[in-house]
Structures are given as structure tokens and as C-alpha cells.
Amino acid sequence: MKVTETELKGCFILEPKIFKDERGYFFESFNQKEFCKAIGQEVNFVQDNQSFSKKGVLRGLHFQKGEHAQAKLVSVWEGKVQDVVVDIRKGSPTYGQHISMELSSENKRQLFVPRGFAHGFLVLSETARFFYKCDNYYNKEAEGGIRYNDEVLGINWQYPPNQVFPSSKDLAQPFLSSLFL
């Protein structure tokens, strides 16, 4: 597995070693021991989640607050998405900065999103199955979010606004500037 830390400290791209032959392919998608060694910390995942979405669906930017914060290991099992994470760690030198990358069933990349980050994705293929492991249980009262089109963030979503379909809940999320007021 190739592991690369992004410009947002603690956020890692993981690329598996894929073994292909005329029958298809094989790769190890997760190994707790190797994963923790690669990112230099112990992370114990306790919950797995999946979503299925159609082209243009935008989910995010979401996070869990306080003691319910979650680290995530995200991947795409079918299709292709633009995956985005935003550093919302107060006092971080990269606070408010984001990274954006393509995750797909073809490239088989995974992204480790540590606690203290907002996360979202836009479906680029006709459909996508998105999978993520979480190190803490979901808590409805700890839900948080940032408006996906916050101008301060300057995220270049790959589709024009009229081809993006966020939920009504995501359209009502606050801007980054009001998060810690």
C-alpha cells in the first residue's frame, strides 16, 4: 500500500497494491495493523456506512462535533466522485483550507479523514456507491455542516450549480465564518 500525507496534516491518501491477471484483480482493501502503522496512529473503526447516489448528487460538507467527532476512511466501490475535505480544526495552520480529489472504483484510492475535518462528495458517474469506515458512532445531536458553496472555501466543484443536487438540509448549512461563533 502506498500512503501519502496531503497538505492537510493528518489527512492521507491510500493506494492499494493491486494484483491483476486475466481473471480479474485482487487487493487488500483494509488491514488494521498496516493502516495504523502507515498513518502513525491508532484508529479503531466501529461503524461502516454506505451510500448510493446518482450523478450530480452532492453530499456534504458534514462532520460530527465534540466527543462524537469521527475520523473516516472513505472509498468508492462503484462509480466516481469528487471527494472534498475541509480542515475545521480551530487553531490549525490550515484551518479553512481544503483538498479535492477523485475517488473511483477504477483508481481504488482511499482517503483517511481525521477528526476535525468536514467531508463531502459530488457524484461524477451515472451512479456511485460510496463506503466509509468511522472511528466513532453517529450521533444526531452532534451533526454539523458547512455550506458546500461557501465562497470563502472556494471549492471548485466540477459541475455548474444547476447540475448539482444537494439536499435541502445541506442547502441550509451555515457558512464557515459562523461555525465557531
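Values as computed for the structure displayed
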item	result
Sole residue being in contact with a Pro (Cβ under 7 Å, 6 or more places away or on another chain) and hydrophobic (A, V, I, L, M, F, W, C), chosen from LEU111, LEU58	LEU58
Condition check for PHE112: among the aromatic types (Phe, Trp, Tyr), assigned to a loop (DSSP other than H, G, I, E, B) and over 27 Å from PRO160 (Cα atoms)	no
Residues (of a type in the set (Lys, Arg) and under 9 Å from the mean Cα position of the chain (by Cα)) located in the stretch 71-129	LYS72
Which listed residue, of PHE12, PHE35, PHE30, PHE63, is within 21 Å of ARG115 (Cβ to Cβ), of a type in the set (Phe, Trp, Tyr) and in contact with a helix residue (DSSP H, G or I) (Cβ under 7 Å, 6 or more places away or on another chain)	PHE12
Residue identified as of a type in the set (S, T, N, Q) and assigned to a loop (DSSP other than H, G, I, E, B) among SER53, SER92, SER75	SER92
Output for the stretch 85-94, where each listed residue is out of contact with any helix residue (DSSP H, G or I) (no Cβ under 9 Å at 6 or more places or on another chain) and either surrounded by 20 or more Cβ atoms within 10 Å (Cβ to Cβ) or of a type in the set (Ser, Thr, Tyr) (or both)	VAL85, ASP87, SER92, THR94
Unmet criterion (only one of (1) of a type outside the set (Phe, Trp, Tyr); (2) outside any loop (DSSP other than H, G, I, E, B); (3) within 22 Å of GLN47 (Cβ to Cβ)) for SER177	(3)
Hits in the stretch 26-47 (condition: surrounded by 11 or more Cβ atoms within 10 Å (Cβ to Cβ) and either among the small types (Gly, Ala, Ser) or not in a loop (DSSP other than H, G, I, E, B) (or both))	PHE26, SER29, GLN32, GLU34, PHE35, CYS36, LYS37, ALA38, ILE39, GLN47
Residue in the stretch 120-142 that is over 30 Å from SER29 (Cβ atoms) and either surrounded by fewer than 19 Cβ atoms within 10 Å (Cβ to Cβ) or modelled with pLDDT of 95 or more (or both) present	yes
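The values are calculated or read from the model by the stated rules, or taken from the named source; none is laboratory data. Please read these numbers as outputs of a predicted model, since none were measured by experiment. When we count neighbours, we look across all protein chains shown, and the Cβ atoms used for this are built from the backbone with ideal geometry, even at glycine.
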